[in-house]
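**Q** This is the structure, below, for whatever I ask next.
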């Protein structure tokens with residue numbers, strides 16, 4: 001099994017290109033099910049999850065073609081992907097595929113809307129909590145689908161098509177919003193989604209659906225209004241830059257000191273996280289080509305943060321911020337309100353010398369003067385990159401195992417950090 005080796009102590013200086021957002025690319029790929037015409041997606045990141053979803057969609061009959069390298073492209077330039085669902089040959093998403101990636105459950109809504117039926121495995125639990133799909137099923141049932149749960153599968157039917165409805169989500173759910181939104185674009189009449197997720201990735205998918213002929217208004221707000229259409233057509237759409245990758249590298253720069261330009265980043269996608277970094281003593285400047293992050297000599301100040309749905313501080317940056325606060329000059333508090341069990345990185349950070357205590361959903365981080373390298377193990381995607389951030393300043397050598405988690409969500413991480421002066425390499429098993 002591959003590992004990552006880091007020798008800490010080098011400041012980061014240079015430029016890091018920001019990849020397309022994984023959390024937008026995946027539902028955008030799934031949206032190809034809704035039309036028999038080609039959907040062309042630009043700036044698609046090269047990630048393990050993207051490749052896996054390509055296999056899942058291929059099982060349904062979606063053809064996927066990836067453009068070859070063009071002049072000026074590099075390993076960190078997003079791919080151009082063409083997805084064509086001319087004929088849906090199978091409306092079943094089996095457990096062995098869905099269990100590998102929860103987002104693949106989102107095929108349920110588009111399959112129902114396009115084909116009038118679907119059989120999709122329930123995804124089950126995961127390392128950071130159960131994340132049930134009850135809100136997905138509630139929303140699709142409100143659109144007129146008949147859904148039964150049998151032998152671990154959601155068996156859904158809408159032989160006469162879906163019909164618009166007003167759906168009020170009892171809690172904000174990114175996954176349910178994606179799933180129901182994609183189904184509603186082909187439903188008869190008007191659908192209103194109240195208390196919808198406002199994450200930028202939702203807006204990116206909605207914007208692409210509108211290019212395909214959908215009629216969605218209220219994008220960026222908690223109320224989405226969808227006027228159903230008879231059919232969608234092909235379109236071309238560029239995936240927005242990854243705000244979680246942006247925040248992750250910003251925290252890596254903050255941790256090590258130095259000065260890095262995050263090329264292609266958009267500050268408006270993560271203002272709350274950037275405000276937290278500014279509060280910790282980091283200089284952040286917006287410019288025409290992205291965001292510049294610098295910390296030259298000043299110490300890190302402690303912060304208190306609570307994760308919450310967008311536009312608040314994202315849960316997907318919680319582990320990274322915790323790693324950063326391990327070196328703050330004082331005590332920080334991070335409260336996790338989105339996922340249970342999302343503090344699994346604490347015990348691994350402790351192996352590097354972190355001083356962290358847990359009380360329910362709150363973590364108390366007491367800054368230490370030094371971290372020391374050690375062998376550590378990744379437990380999930382965001383936890384794994386928090387260990388990278390800590391390893392960048394830990395004295396000596398840190399080796400991180402189970403790095404397949406990193407490959408799910410970070411494109412060319414070693415190259416991007418290495419190009420800015422980090423001593424980091426991937427070791428073969």
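We did not get these values from a lab; they are worked out from the coordinates using the rules stated. Please read these numbers as outputs of a predicted model, since none were measured by experiment. Here the Cβ is made from the backbone with ideal geometry for all residues, glycine too, and neighbour counts use every protein chain on show.
**Q** For the chain, take the longest principal axis of its alpha carbons; what is the angle in degrees between that and the long axis of helix 381-391, to the nearest 10 within 0 to 90?
**A** 10
**Q** Treating the angle as unsigned and between 0 and 90°, give the value, to the nearest 10°, between the Cα long axis of helix 243-256 and the longest Cα principal axis of the chain.
**A** Rounded to the nearest ten degrees, it is 0.
**Q** May I ask for the distance between the Cα centers of region 196-221 and region 1-66, given as a whole number of Å?
**A** Between the Cα centre of region 196-221 and that of region 1-66, the gap is 20 Å.
**Q** Still on this structure: Using only Cα atoms, tell me the angle between helix 174-184 and the longest principal axis of the chain; keep it within 0 to 90° and round to the nearest 10.
**A** The two axes meet at around 20 degrees.
**Q** Please give the Cα centre distance for region 272-307 versus region 339-394, rounded to the nearest Å.
**A** 20
**Q** With contacts defined as alpha carbon pairs under 8 Å and 6 or more residues apart, what's the relative contact order of the chain in percent?
**A** Reported as a whole number, the value is 21 percent.
**Q** Can you give me the relative contact order of region 146-238 as a percent, contacts being Cα pairs under 8 Å and 6 or more apart?
**A** The normalised contact order for region 146-238 reaches 26 percent.
**Q** Here's another thing I want to ask about it. If I take every Cα pair under 8 Å that is 6 or more residues apart in region 310-429, average their sequence separation and divide by the length, what percent do I get for the relative contact order?
**A** 24
**Q** I've got another one for you. How many percent of DSSP beta bridges within the chain run antiparallel, rounded to 5?
**A** Taking every DSSP beta bridge with both residues in the chain, the antiparallel ones total about 70 percent.
**Q** Further question on the same structure: For the ranges 392-398, 308-314, 219-225, 174-180, what's the packing order if you count other beta-carbon atoms within 10 Å of each residue, average per peptide, and put the highest first?
**A** 174-180, 392-398, 308-314, 219-225
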